[in-house]
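The values are calculated or read from the model by the stated rules, or taken from the named source; none is laboratory data. Everything quoted here is computed from the prediction, not taken from an experiment. Heads up, the Cβs are rebuilt from the backbone with ideal geometry, glycines too, and the neighbour counts pull from every protein chain shown. Note: accessible area is taken over every heavy atom of the protein model, side chains too, but ligands, DNA and RNA are not part of it. Shrake-Rupley method; radii C 1.70, N 1.55, O 1.52, S 1.80 Å.
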Amino acid sequence: MLGATLFFMGTNVFVKFLADELSVFQVTWGRMLFHWLCFLPLFLLPRYRGRVRPNRPRLQLVRSAILYCTNTLFFGSLFYLTLATSASIMYAGPLILVVLSVLFLGEKVGPRRWAAVGFGFAGVLVIMQPGGAFHWAMLLPFGASVSFALYQLVTRAIAADDHPFTTMFWTPVVGIVAASAVMPFVWQNPSPLGWLWLACCGFTAGAGQFLLIAAFARSEASLLAPFGYSTLVWAALFGIAIFGNYPDTMTLLGAGLVVLAGLYIWIRERQLGSAGGGGSPSPS
């Protein structure tokens, strides 16, 4: 799980490298295409060839489309915000998942978890500072967190019917098709280094997905969930080491509130026997 979050943050770093050269739509296209190309040989092996056909194809396509929207929104935020700010706001996802689970799955949530959700959203407001240092791009990772929560709901729905490797194969498909349709309108010729960064985006995103699948195959989601918050540590370290961006006080304070709320929800759901909870890694 720690390796998965590290690779996902590596994807975000390559996105920031590309921000001055390409549009977010072209970056998302590259992330999806190279993800698929890098791991296509795996599915040509006899052991995995039979895993390509899904049992729930419509939901697989819906899931892939949602991930494309999530990536586009989150990558767009990285064009304007620091890694730490985008990642901290993105961690409203587990809180939003609680709300969506009530609306769409009919799950019952008690007053303590609702209080934790409110506490976490207060942390998001601290980071965004409406009326203060607010930047419009802060709405992008928040939108991505809503989209990613929907992505997790669909992932839950298909987990019992499709093998994880089937889901991995279909994850970038809609993104490739949708992004390719946009390319004639936004295409810019990448530099040789730009092509390398695009390939790295796809590889690190795919590798992160692979490690995530491996982690969940070997342990319970309720045990792994807190390790997803290592994303915030990687975001701060990479931001400082590579871009010289030190998280400000409000970002640290708000991120702390979001993490505490997510961890409380995770603890409470584990006590109640649920496998869900806070600490989703990344939408990359």
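Answer yes if at least one residue in region 188-201 is among the aromatic types (Phe, Trp, Tyr) and modelled with pLDDT of 95 or more, and no otherwise.
Of all residues in region 188-201, those among the aromatic types (Phe, Trp, Tyr) come to 195, 197.
With modelled with pLDDT of 95 or more added as a condition, the list becomes 195, 197.
Yes, region 188-201 has at least one match.
If you check ALA241 against the conditions, is it farther than 15 Å from SER284 by Cα, aliphatic (A, V, I, L, M) and crowded, with 20+ Cβ neighbours inside 10 Å?
Criteria not met by ALA241.
Out of the residues in region 96-147 that are open to solvent by less than 70 Å² (accessible area, probe 1.4 Å) and among the aromatic types (Phe, Trp, Tyr), which is farthest from the chain's Cα centre (by Cα)?
By that ranking, first place goes to PHE121.
Given the criteria farther than 24 Å from VAL146 by Cβ, touching a residue at least 12 places away in the same chain (Cβ under 8 Å), open to solvent by 40 Å² or more (accessible area, probe 1.4 Å) and within 13 Å of the chain's Cα centre (by Cα), does LEU6 qualify?
Judged against the criteria, LEU6 is a match.
May I ask you to verify whether TYR80 is in contact with a His (Cβ under 8 Å, 6 or more places away or on another chain) and of a type in the set (Phe, Trp, Tyr)?
For TYR80, the condition - in contact with a His (Cβ under 8 Å, 6 or more places away or on another chain) and of a type in the set (Phe, Trp, Tyr) - is met.
Within region 39-55, how many residues turn out to be closer than 15 Å to TRP170 by Cβ and either touching a helix residue (DSSP H, G or I) at 6+ places or on another chain (Cβ under 6 Å) or part of a helix (DSSP H, G or I) (or both)?
Of all residues in region 39-55, those closer than 15 Å to TRP170 by Cβ come to 39-40, 42-43, 48-55.
Subset that is either touching a helix residue (DSSP H, G or I) at 6+ places or on another chain (Cβ under 6 Å) or part of a helix (DSSP H, G or I) (or both): 39-40, 42-43, 48-49, 51-52, 54.
Of the residues in that region, 9 qualify.
What about THR167, is it within 13 Å of the chain's Cα centre (by Cα) and either of a type in the set (D, E, K, R) or closer than 19 Å to ARG31 by Cα (or both)?
Criteria not met by THR167.
Residues in region 39-47: is at least one open to solvent by less than 60 Å² (accessible area, probe 1.4 Å) and in contact with a Leu (Cβ under 7 Å, 6 or more places away or on another chain)?
There is no residue in region 39-47 that is open to solvent by less than 60 Å² (accessible area, probe 1.4 Å) and in contact with a Leu (Cβ under 7 Å, 6 or more places away or on another chain).
Kindly provide the set of residues from region 18-38 that are part of a helix (DSSP H, G or I) and surrounded by 21 or more Cβ atoms within 10 Å (Cβ to Cβ), ordered by number.
Taking region 18-38 as the starting set, the residues that turn out to be part of a helix (DSSP H, G or I) are 18, 24-38.
Once the filter is applied, which keeps residues that are part of a helix (DSSP H, G or I) and surrounded by 21 or more Cβ atoms within 10 Å (Cβ to Cβ), region 18-38 yields LEU18, VAL24, VAL27, THR28, TRP29, GLY30, ARG31, MET32, PHE34, HIS35.
When only residues in region 241-284 that are outside any helix (DSSP H, G or I) and modelled with pLDDT of 85 or more count, which is farthest from LYS16 (Cα to Cα)?
Taking the candidates together, the pick is ASP248.
Looking at (1) open to solvent by less than 30 Å² (accessible area, probe 1.4 Å); (2) not polar (S, T, N, Q); (3) not in a helix (DSSP H, G or I), find the lone condition where ARG63 falls short.
The one condition ARG63 does not meet is (3).
From PRO54, PRO46, PRO41, grab the single residue that is of a type outside the set (Gly, Ala, Ser) and in contact (Cβ under 8 Å) with a residue 60 or more places away in the chain.
Matching residue, one of PRO54, PRO46, PRO41: PRO54.
Name every residue in region 48-60 that is crowded, with 17+ Cβ neighbours inside 10 Å and either within 19 Å of the chain's Cα centre (by Cα) or farther than 20 Å from PHE210 by Cβ (or both), in order of residue number.
ARG56, LEU59, GLN60
Which ranges mark the helices (runs of 4 or more DSSP H) fully within region 148-240 that have 3 or more residues being among the aliphatic types (A, V, I, L, M) and closer than 24 Å to CYS38 by Cα?
173-186, 192-218
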